[in-house]
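A quick write-up on the structure given underneath.
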Amino acid sequence: MINRRHFLGSLAAAASFFAGGPALADIGAPSLSLLVAGPDGEQISRWGNACALAMSGGFPGNPNVITQPTGGLDGVTGGNRLDALVVPDGKTAAILPGAALIAWITGDTRVHFDPTRWVPVMAGSNSGVLVVRLGNKPPSLAALQAFGGLRLAANAPESNDLAVLLALDRLGVATAPLFGLRDTAAKTRAFVAGEVDAVFLCGEGVREGIAPLAANAGIPVFCIGQTGPDGAPIADPLFPQVPEVCAFAPPGATMSAAYHAAAAAARTDFFIVLPKLTDPEAVALWRQAAGFAIGTAGLAAAASASSIVLQPAAAAAAALLALNLSEADQTGLQNFIGQRFGPLPG
């Protein structure tokens, strides 16, 4: 979660930055809207406010970008509203959490949207790192397989943990997940108490989250990397010494399409999109504003404080493209969850 003190300081820096901008003489352009798929005051709402402020200066005439929070934390209600109610006239974009993408790929029955048809504007990408208590053993696939059943602290199969569950399965590592540990604090307590052998840290503040695990003999083993410009996984710039899982795998091994979809969803902290069929000229303006926002001091400071990498439209598009599973792959993914971990809720 965004560190509140750093975040508010970053917003103040952003306000100061824009206050001195020469383009403010052009203020008077019609307002734009940013639909926020989450409750007012929560994490995605704070990112929405920060992005709206930062993007304003990148539009001709510096229009106000007014945020409109709606729905719950997982972004499903907001995603449904975007698909069903938002007119593609270029006046309204939406910011959603990566959790909405997890709901999409796992076949959540509440989902009535298709994120692969939205038009990407920008994204914020987080890290995902598997930390394991290995004793004196160096990190290796053999060391993971030697557990016989790696006790993994996890929230639920229908969460960011899906990426690491799929990766370990692909690597031939048996797992014994302990579900119901909803956040990093709960997972860390279980690790320190010796109830689990491994924690998958994924989200904001991963760098800070590793410290208490390392103090209790935890070692980063692999990460889920980032999405490269061509859509292929690349090393995580925040963890250059930790191998990306495809590099950690034995030669010739490949990750499944379902893994790549889950990893793309897990490392997406937030993303901004326009409705399908939005006019290309409007798309270009929003993407121009996003590029401007990524370069502002305030938004960059907020991202740095939360260990988030700000990404332009091309990287956001690659992440959404990874979600476009074939019917067979999506069925296989849902069968994997159901057969390994029980039926999906709802």
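The values are calculated or read from the model by the stated rules, or taken from the named source; none is laboratory data. Fair warning: this is a prediction, and the values are worked out from it, not measured in the lab. Methodologically, a virtual Cβ is constructed for each residue, glycine included, from the backbone with ideal geometry; neighbour enumeration extends over all protein chains shown.
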Can you pull out the residues in region 166-186 that are closer than 20 Å to ILE337 by Cβ and either touching a residue at least 40 places away in the same chain (Cβ under 8 Å) or of a type in the set (D, E, K, R) (or both)? LEU166, ALA167, ASP169, ARG170, LEU171, PRO177, PHE179, ARG182
Select from region 273-306 the residues that are under 20 Å from VAL87 (Cβ atoms) and of a type in the set (Gly, Ala, Ser) and write down the one among them that is surrounded by the fewest Cβ atoms within 10 Å (Cβ to Cβ). ALA284
Residues of region 55-85 satisfying the condition of being closer than 20 Å to ALA290 by Cα and of a type in the set (A, V, I, L, M): MET55, VAL65, ILE66, LEU82
Some residue of region 68-76 being of a type in the set (Val, Ile, Thr) and under 15 Å from the mean Cα position of the chain (by Cα): yes
LEU85: passes all of (1) surrounded by fewer than 19 Cβ atoms within 10 Å (Cβ to Cβ); (2) within 18 Å of PRO30 (Cβ to Cβ) but (2)
What are the residues in region 294-312 that are farther than 15 Å from ARG46 by Cα, at pLDDT 95 or above and among the small types (Gly, Ala, Ser), if any? GLY295, ALA297
Every residue from region 115-155 that is part of a loop (DSSP other than H, G, I, E, B) and in contact (Cβ under 8 Å) with a residue 40 or more places away in the chain: TRP118, ASN126, LEU134, GLY135, PRO139, PHE147, ARG151, ALA154
Only one residue in VAL221, VAL199 is in the same structural domain as LEU144 (by TED's automatic domain parsing), surrounded by 24 or more Cβ atoms within 10 Å (Cβ to Cβ) and either assigned to a strand (DSSP E or B) or on the phi < 0 side of the Ramachandran plot (or both). Which one? VAL199
For VAL111, indicate whether it is closer than 15 Å to VAL76 by Cβ, β-branched (Val, Ile, Thr) and outside the structural domain of GLY218 (by TED's automatic domain parsing). yes
Restrict the check to region 271-285 and report whether at least one residue is over 28 Å from VAL76 (Cβ atoms), of a type outside the set (A, V, I, L, M, F, W, C) and in contact with a Gly (Cβ under 9 Å, 6 or more places away or on another chain). yes
Search result, residues across region 75-98 that are of a type in the set (Gly, Ala, Ser) and in contact (Cβ under 8 Å) with a residue 60 or more places away in the chain: GLY90, ALA93, ALA94, GLY98
Enumeration of residues in region 227-238 that are surrounded by fewer than 24 Cβ atoms within 10 Å (Cβ to Cβ) and out of contact with any Gly (no Cβ under 7 Å at 6 or more places or on another chain): GLY228, PRO229, ASP230, GLY231, ALA232, PRO237, LEU238
